[in-house]
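Everything below concerns the one structure shown next.
The values are calculated or read from the model by the stated rules, or taken from the named source; none is laboratory data. What you see is a predicted model, and the numbers here were worked out from it, not measured in a lab. Neighbour counts are summed over all protein chains in view; Cβ atoms, including those assigned to glycine, are modelled from backbone coordinates with ideal geometry. Ligands, DNA and RNA are stripped out before the accessible areas are found, and what is left, the full protein with its side chains, is counted by its heavy atoms. Shrake-Rupley method; radii C 1.70, N 1.55, O 1.52, S 1.80 Å.
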2 protein chains.
Amino acid sequence: MATDFLDAAAAIVGSDAVLTGEAAAPYCADKRGRYFGNALAVVFSSDTQQVAEIVKLCSANRIAIVPQGGNTSLCGASVPLSEGRQIVLNLSRMNRIRAIDPVNYTMTVEAGCILAGVREAAEQNNRLFPLELTATLDHCEIGGNLSTNAGGNGVLRYGNARDLVLGLEVVLPDGRIWNGLRSLRKDNSGYDLKHLFIGAEGTLGIITAAVLKLFPRPQSSATAIVAITDPAIAVRLLAHIRAICGDTLSAFELVSRSSLDIVFRHVPGTAEPFAKRYEYYLLIQSSDVLQRPLDDALRSAIQGFGAGILEFAVTADVEAAESWWKLRKNISDAQKHEGISIKHDISVPVSRVAEFVARADAALHAAYPGVRIVTFGHMGDGNIHYNVSMPDAGQNEIFIAQQEGAVNKLVYQVVRELGGSISAEHGLGQLKRDTIREYKDPLEMDLMRNIKQTLDPHGLMNPGKVL
Amino acid sequence: MATDFLDAAAAIVGSDAVLTGEAAAPYCADKRGRYFGNALAVVFSSDTQQVAEIVKLCSANRIAIVPQGGNTSLCGASVPLSEGRQIVLNLSRMNRIRAIDPVNYTMTVEAGCILAGVREAAEQNNRLFPLELTATLDHCEIGGNLSTNAGGNGVLRYGNARDLVLGLEVVLPDGRIWNGLRSLRKDNSGYDLKHLFIGAEGTLGIITAAVLKLFPRPQSSATAIVAITDPAIAVRLLAHIRAICGDTLSAFELVSRSSLDIVFRHVPGTAEPFAKRYEYYLLIQSSDVLQRPLDDALRSAIQGFGAGILEFAVTADVEAAESWWKLRKNISDAQKHEGISIKHDISVPVSRVAEFVARADAALHAAYPGVRIVTFGHMGDGNIHYNVSMPDAGQNEIFIAQQEGAVNKLVYQVVRELGGSISAEHGLGQLKRDTIREYKDPLEMDLMRNIKQTLDPHGLMNPGKVL
């Protein structure tokens, strides 16, 4: 039966587009090497029709499908499970930009388009596509970005991936093609279906193309680095600056001393931003389409805040700003050199971020003396990356092996009490599939299951993820 | 059985909160007097628990529910059908503002809060809630605004009602309460359920409360009035100005000569903006939180456009601007004095607006010599209000009686060919429930029905609307 299926698949996409065994292996593990699965085959589709036919074939044979793009998921969403009974359907060959309409500020792209390429195509038309994922810009694909509702650095001003979509083309679990590729700013003609598929991590259907919103390109920017003792200052400063700078506020990132120390240790050409060392730093960016200097406005907004700011600097010079951004953007890479850690990608209301850090820190230091906490992230969205480890590599292995569950419980309990989410931007995938049941309203889980059952009655769309 | 039901309902909400007969009548007709229905009773709920118990009671008795707020629907979405077997569940008494968090830029409101009140409460906290529906600001309620995904004047910059929501509380068709009142900017912990209920016109559940996004209050603004011959100029001018003014561009409205003439005739204190008369006018607003003059930027952006602009004026003076806005904001009211017309609320891609107007105008003038077309609307969103009538009142009655269906067909055919929507911001309700089947992809209708069947298997939520 397996060979019949593979022959049938090859008849649809061509035999060069069906990989098995060794050739399939690279697509069965995630890029960070945390998840290893096995696939009956890895199938590459070249167009939407092929996706539809492969899905119909799988449906007829009750074979489950793992949709895959750049395979940069941080939670094992884009790799198959271990049994080897699923196929990986890779959309990377579907990388055409179908249309760009600069006057409508939209572009229509296929799922396999690499994010960096989408941004470039927009720029060539003097437009901005604001989704920006520093770490994976050159590898991740728009289909995956939408299926996981990617976040990143542009969210404060432009919203999540979900907010950048006007229309979708989706192959449904029964192989039918939904052409929802509308490029309308307003359409109240029924239920909004696109938001169901966006962020569903491929469990409700396969996004094959999308109409994306474009924006005018910013012409001016200013960046500030601000030293503070306590995230509580950051919370109030954010509200203060937003009320003055409004939509020009385009980034508000938090970086802890522990994050900086790791960067200095592993990233050449990085140095203390100020003569003195401080506990926390903020990177604040203001940018605007209207051509006019922004640094004075940002400077006076910070000066007008009053007590709590220890030291700060503002620049309108892009290169100077980049040397500060280096400190933020290299944290994840630098961490890899320090060995593994217990990572959290949490969100709370912006007004509760300081409370989260204080309470989670206290709980962890009490439970694990000497524990190292690397705190950084998109403070402007209430999204903190909060990574826990032991400074000593030897200790750390045992610590994680023995305590990961307990550490998660401590951290997630604080998140729960503050009305937050245990998955802010990375999604659930395999990583948090079980955990989410403990933290999400059973009624909401029930609604999700009912919708899954309705759209994918045979459970063939990325099973083992999310639900 | 009816009396038993009414007694049971009274036991839940109090006998003063259950109206029948004459007392119920005002809630069974829409505000414009286009739709007249009958209700078994009109029930007023004071809190979410009461809504849940009423829904359970109705579910047990298989009695259908029409959720109602300010009852300002333009398509009969908020009134019962004629048989008198449905109840109206009016949420107007649920008008508490549960919380305001200026630091998180959010507020939590109950469904019965009047939109104007929500905006005021935000302003008292130096924040803006940007949803603005000129005609009904003082009557419409936020529950209805969200259930219909209201549009209005702020969409170009702030998005539709859907984009202004972080969390929802919904009473499901089985009476369970979904507490999705999260105030998070990022949450990728499962399917996005809130977008299913927003814009569903009460057919999937009853929105009882919401967490709304707030914004910094604009501090400066500039307004331009621009005379043009042809909407094609407007399309290119919009793209041009947006690329220069970016997010400060907060309104871009189109007004036809025919619209102006009606306003002059019926609205005291209105006059030609320029000495000469022109075919089309644009009202363009730029506003910003950053305090700085915007009129120069707007003026030079318009000057830099080149040929096609016949005459224009720019002002930073709010009162001068208001006299121009009066021309736009009074069109709907002025039209009432001219008798009924065949109204359309359509959207097309912004880049196709001129094509829509040209092709629809041509088709109508060819089919109905002497026809009067009143064209105006939210050009910045590709949303045009396009109203067709005969200038002579006597003629008009017959014209509409005989030709409404044919006129709709002509207009909607152009909308279809341009990839538009026959309902941009008003929704489907009763008005377009049948028509939408001819214009929407059957597969999409099928998906909508499946979701309806899953969430509301007994079809008790606002039957006869949308689907």
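Within region A:174-211, work out how many residues are assigned to a loop (DSSP other than H, G, I, E, B), within 7 Å of chain B (Cβ to nearest Cβ) and within 23 Å of B:Leu418 (Cβ to Cβ).
12
Kindly indicate whether any position in region B:361-376 is assigned to a helix (DSSP H, G or I), within 25 Å of B:Ala150 (Cβ to Cβ) and either touching a Ser or Thr at 6+ places or on another chain (Cβ under 8 Å) or of a type in the set (Phe, Trp, Tyr) (or both).
The answer is no; no qualifying residue exists.
Take region B:344-363 and flag every residue that is acidic (Asp, Glu) and over 15 Å from B:Arg236 (Cβ atoms). Reasoning before the result, please.
Going residue by residue through region B:344-363, those that are acidic (Asp, Glu) are B:345, B:355, B:361.
Matches in region B:344-363: B:Asp345, B:Asp361.
Among the listed residues A:Thr72, A:Thr148, identify the single one that is within 11 Å of chain B (Cβ to nearest Cβ), in contact (Cβ under 8 Å) with a residue 60 or more places away in the chain, within 20 Å of B:Ser189 (Cα to Cα) and open to solvent by 20 Å² or more (accessible area, probe 1.4 Å). Steps first, please.
Working: A:Thr72 fails: within 11 Å of chain B (Cβ to nearest Cβ).
Result: A:Thr148 is the single residue among A:Thr72, A:Thr148 that is within 11 Å of chain B (Cβ to nearest Cβ), in contact (Cβ under 8 Å) with a residue 60 or more places away in the chain, within 20 Å of B:Ser189 (Cα to Cα) and open to solvent by 20 Å² or more (accessible area, probe 1.4 Å).
Residues of region A:17-34 being touching a residue at least 40 places away in the same chain (Cβ under 8 Å) and open to solvent by 50 Å² or more (accessible area, probe 1.4 Å), which ones?
Those that are touching a residue at least 40 places away in the same chain (Cβ under 8 Å) and open to solvent by 50 Å² or more (accessible area, probe 1.4 Å): A:Tyr27, A:Lys31, A:Arg32, A:Arg34.
Within the set of pairs 6+ apart or on separate chains, which have a first residue in region A:321-344 that is free of Cβ contacts under 8 Å to residues at least 60 places away in the same chain, a second that is open to solvent by 40 Å² or more (accessible area, probe 1.4 Å), and C-beta atoms under 7 Å apart?
Taking only residues 6 or more apart or on different chains, the pairs are A:Gly339/A:Ala393.
From (1) facing chain B (nearest Cβ under 10 Å); (2) closer than 19 Å to B:Asp247 by Cα, pick out the condition that doesn't hold for A:Ala251.
(1)
Evaluate the following for B:Ala321: is it under 25 Å from A:Ile244 (Cβ atoms) and away from chain A (no Cβ under 14 Å)? Even if it seems obvious, please write down each step before you answer.
Working: under 25 Å from A:Ile244 (Cβ atoms): yes; away from chain A (no Cβ under 14 Å): yes.
Yes: the conditions hold for B:Ala321.
Out of the residues in region B:354-385 that are more than 14 Å from chain A (Cβ to nearest Cβ) and of a type in the set (Val, Ile, Thr), which is surrounded by the fewest Cβ atoms within 10 Å (Cβ to Cβ)?
Our first condition is that a residue be more than 14 Å from chain A (Cβ to nearest Cβ); within region B:354-385, this holds for B:357-376.
This time we only want the ones that are of a type in the set (Val, Ile, Thr), so: B:357, B:371, B:373-375.
Working: B:Val357: 25, B:Val371: 19, B:Ile373: 21, B:Val374: 24, B:Thr375: 25.
By that ranking, first place goes to B:Val371.
Could you figure out which of (1) modelled with pLDDT of 95 or more; (2) open to solvent by less than 40 Å² (accessible area, probe 1.4 Å) isn't true of B:Asn396?
(1)
Please enumerate the residues belonging to region A:303-314 that are surrounded by fewer than 20 Cβ atoms within 10 Å (Cβ to Cβ), away from chain B (no Cβ under 14 Å) and in contact with a helix residue (DSSP H, G or I) (Cβ under 7 Å, 6 or more places away or on another chain).
A:Gly308, A:Ile309 - these are the residues of region A:303-314 that are surrounded by fewer than 20 Cβ atoms within 10 Å (Cβ to Cβ), away from chain B (no Cβ under 14 Å) and in contact with a helix residue (DSSP H, G or I) (Cβ under 7 Å, 6 or more places away or on another chain).
Determine whether B:Arg299 is basic (Lys, Arg) and either open to solvent by less than 30 Å² (accessible area, probe 1.4 Å) or over 24 Å from B:Gln219 (Cα atoms) (or both).
No: the conditions fail for B:Arg299.
Restricting to region A:399-417, give me the number of residues that are touching a Phe, Trp or Tyr at 6+ places or on another chain (Cβ under 9 Å) and open to solvent by less than 30 Å² (accessible area, probe 1.4 Å).
Qualifying residue count for the region: 6.
Can you confirm whether A:Leu260 is crowded, with 17+ Cβ neighbours inside 10 Å, over 27 Å from the mean Cα position of the chain (by Cα) and over 20 Å from A:Asn160 (Cα atoms)?
Judged against the criteria, A:Leu260 is not a match.
Residues B:Arg236, B:Arg242, B:Arg265, B:Arg292: which one is open to solvent by 10 Å² or more (accessible area, probe 1.4 Å), under 24 Å from A:Asp163 (Cα atoms) and outside any strand (DSSP E or B)?
Working: B:Arg236 fails: under 24 Å from A:Asp163 (Cα atoms); B:Arg265 fails: under 24 Å from A:Asp163 (Cα atoms); B:Arg292 fails: under 24 Å from A:Asp163 (Cα atoms).
Residue meeting the stated conditions: B:Arg242.
Check region A:153-173 and report whether any residue there is more than 10 Å from every other protein chain (Cβ to nearest Cβ), modelled with pLDDT under 95 and either open to solvent by 10 Å² or more (accessible area, probe 1.4 Å) or farther than 22 Å from B:Asn149 by Cβ (or both).
Yes.
Which residues, counting only those in region A:325-353, are within 14 Å of chain B (Cβ to nearest Cβ) and in a helix (DSSP H, G or I)?
Across region A:325-353, the qualifying residues are A:Val350, A:Ser351, A:Arg352, A:Val353.
Which one is farthest from B:Leu204 (Cα to Cα) among residues in region B:421-467 that are facing chain A (nearest Cβ under 7 Å), β-branched (Val, Ile, Thr) and free of Cβ contacts under 8 Å to residues at least 40 places away in the same chain?
B:Ile436
Can you find, within region A:121-145, the residue that is surrounded by the fewest Cβ atoms within 10 Å (Cβ to Cβ) among those that are at pLDDT 95 or above and among the hydrophobic types (A, V, I, L, M, F, W, C)?
A:Ala121
For region B:92-105, give me the residue count where each residue is open to solvent by 10 Å² or more (accessible area, probe 1.4 Å) and either in contact (Cβ under 8 Å) with a residue 12 or more places away in the chain or of a type outside the set (A, V, I, L, M, F, W, C) (or both). Give the derivation first.
Taking region B:92-105 first, the residues open to solvent by 10 Å² or more (accessible area, probe 1.4 Å) are B:92-93, B:95-103.
Narrowing further to those that are either in contact (Cβ under 8 Å) with a residue 12 or more places away in the chain or of a type outside the set (A, V, I, L, M, F, W, C) (or both): B:92-93, B:95-98, B:100-102.
Qualifying residue count, region B:92-105: 9.
As an exercise: evaluate B:Thr248 against (1) closer than 30 Å to B:Arg127 by Cβ; (2) in contact (Cβ under 8 Å) with a residue 60 or more places away in the chain; (3) buried (at least 24 other Cβ atoms within 10 Å of the Cβ) and give the number of the one condition it does not meet.
Of everything listed in (1) closer than 30 Å to B:Arg127 by Cβ; (2) in contact (Cβ under 8 Å) with a residue 60 or more places away in the chain; (3) buried (at least 24 other Cβ atoms within 10 Å of the Cβ), B:Thr248 misses just condition (2).
List every residue pair whose Cβ atoms lie under 6 Å apart, where the two residues are 6 or more positions apart in sequence or sit on different chains, the first residue falls within region B:281-294 and is under 17 Å from B:Ile225 (Cα atoms), and the second residue, located anywhere, is assigned to a strand (DSSP E or B) and among the hydroxyl-bearing types (Ser, Thr, Tyr).
Taking only residues 6 or more apart or on different chains, the pairs are B:Gln285/B:Thr223; B:Gln285/B:Ser250; B:Ser287/B:Ser221; B:Ser287/B:Ser250; B:Leu294/B:Ser220; B:Leu294/B:Ser286.
Could you grab me the full set of residues in region A:215-233 that are within 13 Å of chain B (Cβ to nearest Cβ), surrounded by 22 or more Cβ atoms within 10 Å (Cβ to Cβ) and under 30 Å from A:Met107 (Cβ atoms)?
Of everything in region A:215-233, just one residue is within 13 Å of chain B (Cβ to nearest Cβ), surrounded by 22 or more Cβ atoms within 10 Å (Cβ to Cβ) and under 30 Å from A:Met107 (Cβ atoms), namely A:Ala222.
Count, please, the residues in region B:426-467 that happen to be closer than 19 Å to A:Leu166 by Cβ, open to solvent by less than 20 Å² (accessible area, probe 1.4 Å) and acidic (Asp, Glu).
Number satisfying all stated conditions: 1.
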